[in-house]
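J.: Here it is: the structure, laid out below.
We did not get these values from a lab; they are worked out from the coordinates using the rules stated. Computed from a prediction, not measured in an experiment: that's the story for all the values here. Note: ideal-geometry Cβ built from the backbone for every residue, glycine included; neighbour counts use all protein chains shown.
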Amino acid sequence: MAYYAKVCQAASDAGLKVKDGVEFFIQFGSKQVKDLAIQRGWLELFESVGVKLIDPGCGACIGAGPGVSIQQAQVTVSAINRNFQGRSGPGKLYLASPLTVAASAFTGKITAWEDGCLES
């Protein structure tokens, strides 16, 4: 969560929101993780830049719910740890760090995170 918050703060500082045509989902791993995000103000930060938040539970890692592609032409960049063929839908799936996942959501293309990469 701290990595997502780092990139989202940089995006906010640069006046960016999630790129048009891109959906950026963050699913909390547990109630404790969500509580920590609330405590640190990350929940509001994530929402302010256009992140769609998902409560803890089964989802994309079992091939269900938001974040799963529904068409072969779709591209997913994910930090998910369940890399079974077809598990994240029929589209192309790229596994990446949370930093790269978040940076990519703001640029609209796969973007390796480095300080300053979201500044214009």
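J.: Taking the Cα centre of the chain as the origin, how large is its charge dipole in debye, to the nearest 20, when only Lys and Arg (+1) and Asp and Glu (-1) carry charge on their Cβ atoms? Please list the in-between numbers first.
T.: Values: 11 positive and 10 negative charges, 88 e Å.
In debye, rounded to 20, the chain gives about 420.
J.: Further question: How would you rank Y94, Y4, going from fewest to most other Cβ atoms within 10 Å of each one's own Cβ? Please list the in-between numbers first.
T.: Details: Y94 12, Y4 21.
Listed from fewest to most nearby Cβ atoms, that is Y94, Y4.
J.: Non-local amide H neighbours of Q27 (under 5 Å, H modeled in plane, Pro and chain starts lacking H): which ones?
T.: For Q27, the qualifying residues are I54.
J.: How big is the range 1-65 along each principal axis, measuring the range of its Cα positions in Å and listing the largest first?
T.: 34, 30, 15
J.: So, one more: Too long at a 27 Å Cα-Cα cut-off: which of K52/K92; K31/K92; K31/K109?
T.: Numbers: K52/K92 21 Å; K31/K92 30 Å; K31/K109 31 Å.
As for pairs spanning more than 27 Å Cα to Cα, those are K31/K92; K31/K109.
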